[in-house]
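Have a look at the structure below before the remarks.
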Amino acid sequence: MASVAENLEAVLGRMGEACRRAGREPGKVELIAVSKTFPAEAVQEAYEAGQRLFGESRQQEAAPKIDALPADIRWHFIGGVQRNKVRKILPAFDAVHAIDSLRLAACVSQVAGELGRKARVFLEVNLAGEASKGGFDRDALRRGFDELRELPNVEWLGLMTIPPADREGEEARPFFATLRDLRDVLRQDSGLELPHLSMGMSGDYEAAILEGATLVRVGSAIFGKRAYRVDGELG
Ligand SMILES: *Cc1c(COP(=O)(O)O)cnc(C)c1O
């Protein structure tokens with residue numbers, strides 16, 4: 001089996017190739033190495049190979065890893081957010097990817113204010129209307145965006161999506177194009193920059209890069225197959 005360092009190098013190589021195909025600068029797409037379910041040792045291996053940005057989806061699982069690993073690692077919270085965990089998530093994570101309701105966004109803004117910081121967040125969009133997943137409905141987000149952007153302690157990084165699990169590779173591409181179009185519309189409507197698109201996982205990160213992803217969230221292609229599912233999360 002290939003090592004974490006070898007897998008990482010292969011993923012970065014394919015990302016670079018996708019950037020070339022898309023006519024995009026390679027430095028404009030960043031890799032989040034998704035380490036959920038994997039031990040700190042696996043993260044350390046990727047760290048030693050040069051990786052500095054990691055994604056976790058459960059606060060309780062992430063906390064001991066964050067404590068044990070070098071302080072120059074940046075962590076992104078990519079999982080569903082429980083409101084009672086926001087106070088622990090915000091100080092530990094550089095960005096939160098799955099803000100999926102006005103109620104949650106308001107909670108995040110309030111807690112960020114109490115902590116004297118701005119929360120850096122993505123809005124999750126549920127493009128296929130899947131009941132099993134969180135995320136804003138596209139039209140509801142357009143209608144509700146004025147209210148969201150009034151929240152005082154939030155920095156809006158952009159949009160995030162997870163296409164249906166049975167649409168991998170090129171088949172996921174229309175969802176990525178739709179997310180980019182929606183970002184462009186919201187940008188036009190609001191005047192906010194919304195610079196980032198968080199999209200693309202192990203099975204489809206190249207397609208996401210071709211459609212404008214600025215952050216890809218890749219787990220199993222780097223760390224191997226996950227031995228167990230995280231409750232309420234993607235396998
Ligand atoms: C687990 C997870 C990933 C990584 O999935 P892989 O298919 O292992 O690359 C990406 N994004 C989210 C939100 C996840 O929960």
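When the stretch 150-171 is filtered for residues that are within 13 Å of the ligand (Cβ to nearest atom), touching a residue at least 40 places away in the same chain (Cβ under 8 Å) and more than 18 Å from Asp139 (Cα to Cα), only Ala165 remains.
When the residues of the stretch 53-63 are filtered to those that are under 16 Å from Gly219 (Cβ atoms) and not hydrophobic (A, V, I, L, M, F, W, C), which remaining residue is most open to solvent (accessible area, probe 1.4 Å)?
Start the filter on the stretch 53-63 by keeping residues that are under 16 Å from Gly219 (Cβ atoms), which leaves 53-58, 61-62.
Next, from what is left, pick out any that are not hydrophobic (A, V, I, L, M, F, W, C): 55-58, 61.
Numbers: Gly55: 0, Glu56: 0, Ser57: 4, Arg58: 93, Glu61: 30 Å².
Ranking the qualifying residues of the stretch 53-63, first place goes to Arg58.
Only one entry in Asp100, Asp181, Asp166 is within 17 Å of Gln82 (Cβ to Cβ) and open to solvent by 50 Å² or more (accessible area, probe 1.4 Å), namely Asp100. Elements of the type strands (runs of 3 or more DSSP E) sitting completely within the stretch 14-128 and holding at least 2 residues that are under 30 Å from Gly144 (Cβ atoms) and away from the ligand (no atom under 16 Å from the Cβ): these cover 119-125.
Restricting attention to the stretch 19-43, which residues are in contact (Cβ under 8 Å) with a residue 24 or more places away in the chain, within 21 Å of His196 (Cβ to Cβ) and more than 13 Å from the chain's Cα centre (by Cα)? Passing the criteria: Cys19, Arg21, Ala22, Arg24, Lys28. Note on the stretch 150-183: residues that are among the charged types (D, E, K, R) and modelled with pLDDT under 95 amount to 4. Residues in the stretch 1-13 that are open to solvent by less than 50 Å² (accessible area, probe 1.4 Å) and assigned to a helix (DSSP H, G or I) were compared, and the one that is farthest from Lys225 (Cα to Cα) is Gly13.
Cβ contacts < 7 Å: first residue under 17 Å from Pro164 (Cβ atoms) and near the ligand (Cβ under 9 Å from one of its atoms), restricted to the stretch 214-235; second residue modelled with pLDDT under 70 and assigned to a loop (DSSP other than H, G, I, E, B), any location; separation 6+ or different chain. Result? Listed pairs, sorted by first residue: Gly235/Arg229.
The values are calculated or read from the model by the stated rules, or taken from the named source; none is laboratory data. Everything numeric here is computed off the predicted structure, so don't read it as measured data. Every residue, glycine among them, receives a Cβ derived from its backbone with ideal geometry; neighbour counts consider all protein chains shown. Side chains included, ligands, DNA and RNA excluded: accessible areas come from the protein's heavy atoms. Shrake-Rupley method; radii C 1.70, N 1.55, O 1.52, S 1.80 Å.
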